[in-house]
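For reference, the structure discussed in these notes is given below.
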C-alpha cells in the first residue's frame, strides 16, 4: 500500500503542475517517499484540529514543492478539495504557488524564499521547549503526571538551495547551541539546483558542517526506501540534539529527464507524462484518486495521532483542574491573541520631565513592565541588548536545557533572529527582537514573511539616525525607515518620547500584524504635550497655532522636539504661527478617515516635514522638495553637531529655510 499512496501523491501533484502550466515536478518525483514516510509513520496531527497545541509541525522549507505538499495533505484527509488541486496556483483556492499560512489547512508556515522555512522551524522548536517548560502538571510540589502537556516535534523538508542560503546556518548554529532535539530536518539531497549540478556551486560536506554545529547527523542512501527513511526518523526522535537526515534522492525520479536541472522547474512533456504514469501504474486520465489508498492513508494518520490527542485532552483537563484559581486560562493566551491594556487606571505611568532620557531607555522600563504583565511576552537581541536596552531584568535567559526564561540571546544573527521570531509567534508568543536600525536590512526577508503571515512580531531598532555622530555612515541609518514603511502590513513607530513609546506598545501588543519600533540613543526631555492615548491615531497635534495657522510641521522621533523649538522661536521672533504634528506611525495615520487627516493637516496650508532619514514617502504631504528637511545622502563621522550641520538638519539651517518660505 505504501507504493500505491506514494504513486498517487506523485500523479496528483504532476497533474496539478501540468494543468497549472507551471510548478516544480523535480521535487515531487524525488521527495514523495520522504513526505509520505513522515506523515504515514510519524506526524502526530489531526487534520480537522489545527488548534491542537501539541500537534507536530511540518515546514516545507523547499516551498517550490508546494504541489507535493498539497497532494499529500489531500490524501491525508485535510480540508483540501479536488477543485483546489485542479486550480493549483489560481486565485481563490487553497493551493497557492508556494505554501501560505492561513490559506491552506495543514500549512504551518509560509515558505518560498529559501532558508526562511528552516530558520522559522528553529523558532517553532524553541517555542515548543518554552511551552513544555511553561505548562507543568504540578501543584504545591506534587507532580501529577510525568507526561508534559506540550510535547511535539518540528519536521522540515529542505533542499540544497535552502542550505546554500546563509540564514540556514545562522539558524542551525543557534539550534545546535540550544540543543533543540525536537527539531528534525530531512534534507532532500539530489545534487541538482535550478542552474545545474551542485558540483559547480555547493561542494561542502553538509553533514560535517552540521556536526560541527552540534547536530546529530544521519544519512539515508536510498531516498525511495520508506523503511530506511522511517528508521532514520526514529533514531532522530531519540537524539538529545537537533538532527539532520541527508536523504539521497534523484530529482525527477521516473521522468525522462531524471537527475538533471531540466526537471527542476520545467513541465513534463506529454510523452514523458504518459510513460511516467504507466510506470506509476495509475490511469492516464488526470487527477486519478485511489480511494482505497486514500482511506488507508487517512486512517493510518488518525489512528496513530488520536492516541496522542486523547492523552493531551486528558492532560489539558487535568491542567485546568489544577489551575482553576486563575482568572484566565493561561493556555488560551497562547492559542488566542488576547488584548493587553497598558494604559488604564490600575497602572500609573509616571515619567520624568526634568531629566533627559533616550527613548531606548524609556522603552527599557516599559518592556520590563510588559514582561511582568504578559505571560507570553518574550524576546531578545542580536548581541546588542546592552546598547538597545532590551534585557528583561531578573527574568532569566534561555539556554541549553533551561527554557523558562524570557531573554533570548540570539547572538550576532539578525537574519535568523527575524525568522526565529516568526516561529515563536506561530507558537503563540508575543515576541520582540532588537538590533540597530542600520542592520534592519539583514532582517528584511524575515520581516517580509512576518507581514505576509500577519504575525504579531515586534522589531525594536535603536540608534535611529545620524544623531549617533562618531559611529559614522555605516551605523547611521538613512534609507531604513523608508524601506520598512514601504513594506505592506507592517506598522512603523518612531516615538518622540516616553509617552509615545508607551502609546506605541499599547497598539503593538494588540495588533495581529508585525510592528517596527524605532528608538533613539539621543537623550532629550520627555514632552508634556505628547499623549500616549493618541498614538493609536498615527498622528496628532502637539503644538496648536496661537492665532492664525500659517503652516504645519510634521515631525517624528527626536525631531519632534526640534520642530517644537523651531515653531516656538519663529512665533516669538517673526510672528509665524505653525502647528506641529507628531506622526509616530505614518501607516496608521494614512488609514484614518479623511476628516481626521484634514483636521490635522488642512488643505491649502504649507506643510513641512522634519525627519532624520530619507525623504522617500514624504512627498505625499508637501508641495516640493524645499519643504522637506530630510537626509538623502549617507552620513559621516564627526560629532553630533558636525554631522547635523553637514546633513542640513541642525536648528539654524531649518529655521532659516522655513523663514525664507514666508518671506
Computed E for residue 598/residue 51 - FRET, C-beta separation, R0 41 angstrom, nearest 0.05 = 0.40
How high is the relative contact order of the range 538-661, in percent, counting Cα pairs under 8 Å that sit 6 or more residues apart?
-> 25 percent
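How would the range 538-661 be classified by its alpha-carbon gyration tensor: rounded, prolate or oblate, with rounded meaning a/c under 1.5 and the a/b versus b/c comparison settling the rest? Write down the numbers at each step before the final one.
Numbers: a/c = 1.89, a/b = 1.26, b/c = 1.49.
Cα axes put the range 538-661 in the oblate bin.
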Compute the Cα gyration tensor for the range 148-277, then decide on rounded, prolate or oblate, letting a ≥ b ≥ c be the square roots of its eigenvalues: rounded whenever a/c is under 1.5, prolate when a/b is larger than b/c in the other cases, and oblate in all that remain.
-> prolate
Within 10 Å, count the other beta carbons around each residue, average over each peptide in 350-362, 535-547, and list them highest first.
-> 535-547, 350-362
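Just need the relative contact order of the chain here, percent rounded to a whole number, with Cα pairs under 8 Å and 6+ apart.
Values: 1381 pairs, mean separation 79.0, N = 663.
Reported relative contact order: 12 percent.
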Percent relative contact order for the range 2-307, counting Cα pairs under 8 Å at least six residues apart, stands at 25 percent
Give me the number: length gained by fully extending residue 383 to residue 270, i.e. 0.36 nm times residue separation minus the C-alpha to C-alpha distance, one decimal in nm.
-> 35.2 nm
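DSSP beta bridges in the chain, what fraction antiparallel, as a percent rounded to 5? Write down the numbers at each step before the final one.
On the way: 11 of 66 bridges.
For the chain, the DSSP antiparallel bridge percentage is about 15.
Using packing as a proxy for protection, rank 413-419, 104-110, 2-8 so that the peptide with the highest average count of other Cβ atoms within 10 Å comes first.
Values: 413-419: 28.7, 104-110: 23.4, 2-8: 20.6.
For the peptides 413-419, 104-110, 2-8, the packing ranking is 413-419, 104-110, 2-8.
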Going by a ≥ b ≥ c, the root eigenvalues of the Cα gyration tensor, does the range 576-615 fall in the rounded group (a/c under 1.5), the prolate group (a/b larger than b/c) or the oblate group?
-> oblate
For helix 116-134, what angle does its Cα long axis make with the longest principal axis of the chain, in degrees from 0 to 90 and rounded to 10?
-> 90 degrees
Which angle between 0 and 90 degrees, to the nearest 10, do you get for helix 166-177 versus the longest principal axis of the chain when only C-alpha atoms count?
-> 80 degrees
Acute angle (nearest 10 degrees) that the helix 25-41 long axis makes with the longest principal axis of the chain, alpha-carbon atoms | 80 degrees
Can you work out the FRET efficiency for the pair residue 234 and residue 533, with r the C-beta to C-beta distance and R0 = 51 Å, to the nearest 0.05?
-> 0.35
Label model pair residue 648, residue 402: point-to-point distance (7 angstrom along the Cα→beta-carbon line) in nm is 5.4 nm
Computed, not fitted: 222 nm per-residue ellipticity of the chain from DSSP H runs ≥ 4 (each -39500 (n - 2.57)), nearest 500, equal to -12500 deg cm²/dmol
In nm, give the distance between the simple-model label positions of residue 79 and residue 565, each being 7 Å from the Cα along the Cα-to-Cβ direction.
-> 5.8 nm
Mind ranking 610-616, 479-485, 90-96 by how tightly packed they are, going by the mean number of other C-beta atoms within 10 angstrom, highest first?
-> 610-616, 479-485, 90-96
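Once you have the Cα-Cα distance between residue 339 and residue 639, take 0.36 nm times their residue separation minus that, and quote the gain in nm to one decimal. Before the final figure, lay out each step's value.
Working: separation 300, 0.36 × 300 = 108.00 nm, distance 4.36 nm.
In short, 103.6 nm is gained.
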Could you give the nm distance between label points at residue 199 and residue 320, where each point is 7 Å from its Cα heading toward the beta carbon?
-> 6.2 nm
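Throughout, read-outs are computed from the coordinates displayed, never taken from laboratory work. On a predicted model such as this, the values are computed, not experimentally measured, just so you know. As a convention, Cβ positions derive from the backbone with ideal geometry for all residues, glycine included, and neighbour counts pool all protein chains shown.
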